[in-house]
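The values are calculated or read from the model by the stated rules, or taken from the named source; none is laboratory data. Keep in mind the model is a prediction, meaning the values are calculated, not measured. So basically every Cβ, Gly included, is an ideal-geometry build from the backbone, and we count neighbours across all protein chains shown. Calculation scope for accessible area: heavy atoms of the full protein, side chains included, ligands and nucleic acids excluded. Shrake-Rupley method; radii C 1.70, N 1.55, O 1.52, S 1.80 Å.
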Amino acid sequence: MLIAIIDYQAGNQTSVQRALAHLGHAAEVTADPAVIAAADRVIFPGVGAAGSCMANLRGGQLDTALQAAVAGGKPVLGVCIGMQLLFEFSDEDGGVPCLGVLDGLVERFLPTDPAVKVPHMGWNAVDHSGDALFAGIPSGERFYFVHSYYCVPHVSIDAIAIADHGGKFCAGVRKGPLAAVQFHPEKSGPAGLRLLDNFVRG
């Protein structure tokens with residue numbers, strides 16, 4: 001099985017590759033659209049800002065490669081900024097049009113409680129709907145987050161996970177073989193490794 005991890009200079013790709021290797025799954029970090037097209041599964045991770053990330057994707061024609069993978073029904077997993085960029089538009093960097101493969105927007109946390117810090121950083125409980133991505137993981141398990149923006153999916157998109165940071169927000173979505181999570185499974189200990197394994201084996 002060929003697992004492609006998209007390299008668009010957004011950081012964290014090698015951490016995902018190491019987590020998969022720990023599970024016994026070989027994966028290739030790649031910026032080659034042809035490798036992404038040939039892959040059996042695609043992981044779209046990243047750490048960064050929407051503007052520069054989208055510019056890097058477009059500069060390497062990785063936006064069209066990813067859109068084609070989703071349109072073709074290939075299993076794709078978005079992680080953190082990789083989840084956010086799947087939506088139509090992000091408020092980050094003054095407003096950025098994104099990939100548009102999921103209906104919805106990305107908005108900044110604007111907590112009214114001064115005790116609620118932005119960025120949202122650290123471990124947080126995640127309640128999930130029982131989606132196959134979370135097989136063997138109890139609802140309420142804690143995962144590691146680092147983000148200042150969150151996804152607001154359209155009602156047509158299944159929210160499969162929710163967390164709370166000054167209010168409930170979407171922490172995971174599903175649309176057919178495409179799934180995405182706001183937290184970092186590669187930094188989330190045994191539960192995160194189980195989620196990655198579920199994606200590869202699912």
**Message:** Pairs needed: first member in region 12-39, in contact (Cβ under 8 Å) with a residue 60 or more places away in the chain; second member anywhere, outside any helix (DSSP H, G or I) and open to solvent by 50 Å² or more (accessible area, probe 1.4 Å); C-beta distance under 9 Å; at least 6 residues apart or different chains.
**Reply:** Asn12/Val47; Leu20/Ala26; His25/Met1
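Here is a yes/no grid of residues against (1) farther than 30 Å from Ala55 by Cβ; (2) surrounded by 20 or more Cβ atoms within 10 Å (Cβ to Cβ):
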site: Leu110; (1), (2): no, no
site: Gly136; (1), (2): yes, no
site: Gln182; (1), (2): no, yes
site: Arg194; (1), (2): yes, no
site: Val200; (1), (2): no, no
**Complete:** Within region 42-59, the residues that are modelled with pLDDT of 95 or more, open to solvent by less than 30 Å² (accessible area, probe 1.4 Å) and not aliphatic (A, V, I, L, M) are Phe44, Pro45, Gly51, Cys53
**Request:** Any chance you could count how many residues in region 69-113 are part of a strand (DSSP E or B) and of a type in the set (Gly, Ala, Ser)?
**Result:** 3
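Name the single residue that is farthest from the chain's Cα centre (by Cα) among those in region 173-202 being part of a strand (DSSP E or B) and closer than 15 Å to Pro75 by Cβ.
Applying the filter and picking the extreme gives Lys175.
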**Asked** If Ala159 satisfies every condition in (1) crowded, with 19+ Cβ neighbours inside 10 Å; (2) more than 15 Å from the chain's Cα centre (by Cα) but one, which is the exception?
**Response** (2)
**Prompt:** Which ones in region 39-64 are in contact with a strand residue (DSSP E or B) (Cβ under 8 Å, 6 or more places away or on another chain) and among the small types (Gly, Ala, Ser)?
**Reply:** Ala39, Gly46, Ala50, Gly51
**Message:** Please go through region 23-37 and give me each residue that is part of a loop (DSSP other than H, G, I, E, B), surrounded by fewer than 17 Cβ atoms within 10 Å (Cβ to Cβ) and on the phi < 0 side of the Ramachandran plot, ordered by number.
**Reply:** Leu23, Ala26, Asp32
**Message:** Cβ-Cβ under 7 Å, sequence separation 6+ or interchain: first residue in region 67-79 and polar (S, T, N, Q), partner open to solvent by less than 60 Å² (accessible area, probe 1.4 Å). Which pairs?
**Reply:** Gln67/Leu99; Gln67/Val101
**First in region 104-119 and at positive phi, second anywhere and loosely packed, with under 13 Cβ neighbours inside 10 Å and of a type outside the set (D, E, K, R), Cβ under 7 Å, 6 or more apart** = Gly104/His154
**Item:** Selected residue (criterion: most open to solvent (accessible area, probe 1.4 Å)) from residues of region 97-108 that are of a type in the set (A, V, I, L, M) and touching a Phe, Trp or Tyr at 6+ places or on another chain (Cβ under 7 Å)
**Value:** Leu105
